[in-house]
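Everything on this sheet refers to the single structure shown next.
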Amino acid sequence: DAGVIQSPRHEVTEMGQEVTLRCKPISGHNSLFWYRQTMMRGLELLIYFNNNVPIDDSGMPEDRFSAKMPNASFSTLKIQPSEPRDSAVYFCASIPSSWLAGGPRSGDTQYFGPGTRLTVL
Amino acid sequence: TQLLEQSPQFLSIQEGENLTVYCNSSSVFSSLQWYRQEPGEGPVLLVTVVTGGEVKKLKRLTFQFGDARKDSSLHITAAQPGDTGLYLCAGWMDSSYKLIFGSGTRLLVRP
């Protein structure tokens, strides 16, 4: 299996530009998560999709951030307009089931992608 | 303020030494996971613990979930350079459908 695929791996853009990050979850997985990781704030959950439906987007920093999952094999995270404080590593992760009924159970595995390192100048 | 505090933040030890990493909170979690992350990569799951007081062993790694499900520890016996990385604990809160990550412990094992 190819694992979770993210693109691009690195993105450098200027403040005010639109940025789109892409994620392909593992085939057959029902749930997808977007995270952001910075030195200051650590790893934070941004949004959680289950069967392509957003379950919790309370972690999305503000209206400049939006996420979509048009089908089971593709998701995007868009930042418009981007700001320097958005610079971070963005991870996508998927699980084969759902955590809506009690969260992770013994044996559950969340698979992370390699991340996209975003730099906003 | 971090909901899950990890200690220590940094740890540099010699190969062969033992170490313990702690993950503490005032909140109750229905389950807790431990991950290891290497530079330039995503976190990789090590274990999930779901029962208060549960102890799990993974080769030289021993994980324990506190009785009250508010804290956890990771003990490594005879650390090796390959154990070097960022260790993250993460707790699931049923009330918010969120996996909350700890602040992380950066471990360096010197040969």
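All of the numbers you see were taken from the coordinates with simple rules; none came from a lab. Given the structure is predicted, the values throughout are model-derived calculations rather than measurements. Cβ placement follows ideal geometry from the backbone for every residue including glycine, while neighbour counts extend to all protein chains displayed.
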Original post:
Shielding of A:100-110 by partners, i.e. mean partner chain Cβ atoms within 10 Å per residue?
Top reply: 6
Subject >> GNM top mover of A:L32, A:L45, A:L100 - chain A, alpha-carbon springs below 10 Å >> reply: A:L100
**OP:** Assign unit charges at the C-beta atoms only (+1 for Lys and Arg, -1 for Asp and Glu), then state the dipole size of the stretch B:10-111 relative to its Cα centre in Debye, rounded to the nearest 20.
**Re:** 60 debye
Original post:
Which listed residue (A:P25, B:L11, B:L46) has the Cα farthest towards the positive end of the charge dipole for the protein assembly as shown, taking +1 on Lys and Arg C-beta and -1 on Asp and Glu C-beta about the Cα centre?
Top reply: B:L46
Original post:
For the residue pair B:E41 and A:S98, what label-to-label distance in nm results when each label sits 7 Å from Cα along the Cα-to-beta-carbon direction?
Top reply: 3.2 nm
Original post:
Expressed as cubic angstrom per residue, what is the convex hull volume of the alpha carbon set of the stretch B:3-101?
Top reply: 94 Å³
Subject >> Shielding by partners, peptide B:87-94 (average Cβ within 10 angstrom, other chains) >> reply: 3
**OP:** Quick one: compute the contact order of the stretch A:42-94, relative version, from alpha carbon pairs under 8 angstrom and 6+ residues apart, as a percent.
**Re:** 23 percent
Subject >> For chain A: relative contact order, % (alpha-carbon pairs under 8 angstrom, 6 or more apart) >> reply: 37 percent
**OP:** Treating only the Cβ atoms of Lys and Arg (+1) and Asp and Glu (-1) as charged, compute the dipole magnitude of chain A about its Cα centre; round to the nearest 20 debye.
**Re:** 240 debye
Original post:
So, how do all the Cα-to-Cα distances of the stretch A:53-119 break down into 10 Å bins, in percent, from 0 on up?
Top reply: 15, 46, 31, 7, 0
Original post:
How high is the relative contact order of chain B, given as a whole-number percent (alpha carbon pairs under 8 Å, six or more residues apart)?
Top reply: 37 percent
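Applying 1/(1 + (r/R0)^6) with R0 = 30 Å to the Cβ-Cβ distance of B:A68 and A:I55, what FRET efficiency is obtained, to the nearest 0.05?
0.65
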**OP:** Quick one: dipole size for the protein assembly as shown, taken about the Cα centre, charges +1 on Lys/Arg Cβ and -1 on Asp/Glu Cβ, in debye to the nearest 20.
**Re:** 340 debye
